[in-house]
Amino acid sequence: MGTMTNGYVRFKKEMKRAADNNIKIILVIEGTRQKVIKGHKFTKVKGISIVKKINTLRHRYGLEFWYCINRKEMADRILDFYFALGQELHKGVKCE
C-alpha cells in the first residue's frame, strides 16, 4: 500500500526509468485483489484506487504484477520465476 500511496511518485519514476532501459518490473502483492480493494485501516486511500493505479502502470510501463494469497505463495512464485529464468539462461536463451 505504501508504494501506491506515499511512494507512488517515486515508483512511477522508477517504472519510467525501467521501461526506458528495457527492464521489466514485477510487483508482488501480498494479498488478493479483493483484499486490496477492501483497503487498509492505516490509510485513507480507497483500495479500488490502488487497483486502478496498478493497472495504469501495467498499461503505461508494462508492469507485471502478481496477487499472492500470503507470503508462502509469494515466496513460491518468486522461487519458481527465478528457477525458470535460471533454466533459460543455462540453456543460453536470452530472457526478456
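Since every read-out is calculated from the coordinates, none of them should be taken as a lab result. Predicted, not measured: the structure shown is a model, and the values here were computed from it. Backbone-built Cβ (ideal geometry, glycine too); neighbour counts: all protein chains shown.
To the nearest 10 degrees, how steeply does helix 8-20 sit against the main Cα axis of the chain, on a 0 to 90 scale?
20
Angle, helix 71-91 long axis vs. longest principal axis of the chain, Cα atoms, 0 to 90°, nearest 10?
Tilt relative to the chain: about 30 degrees.
How about the range 22-69: which trypsin sites (Lys or Arg not before Pro) there lie in a loop by DSSP and see at most 14 other Cβ atoms within 10 Å?
Those that pass, being in a loop and sparsely packed, are 24, 41, 44, 46.
Name the long-range amide H neighbours of residue 65: under 5 Å, sequence gap of 5 or more, or other chain; modelled H, no Pro or chain starts.
27
What is the projected area of the convex hull of the Cα atoms of the range 4-96, averaged over all directions, in nm²?
6.7
Taking K and R as +1 and D and E as -1, what net charge do the other residues with C-beta under 11 Å from the C-beta of residue 60 add up to?
Details: positive: 12, 16, 53, 58; negative: none.
The answer is +4.
At 0.36 nm per residue, minus the direct Cα-Cα distance, what do residue 5 and residue 65 gain on full extension? Give it in nm, one decimal, please.
The residue 5-residue 65 span can extend by a further 19.9 nm.
Lys/Arg Cβ at +1, Asp/Glu Cβ at -1, dipole of the chain taken about the Cα centre: which of 23, 34, 74 is farthest positive-ward?
It is 34.
Can you tally the lysine pairs in the chain where the Cα-Cα distance is under 16 Å and the two residues are eight or more apart, or on different chains?
17
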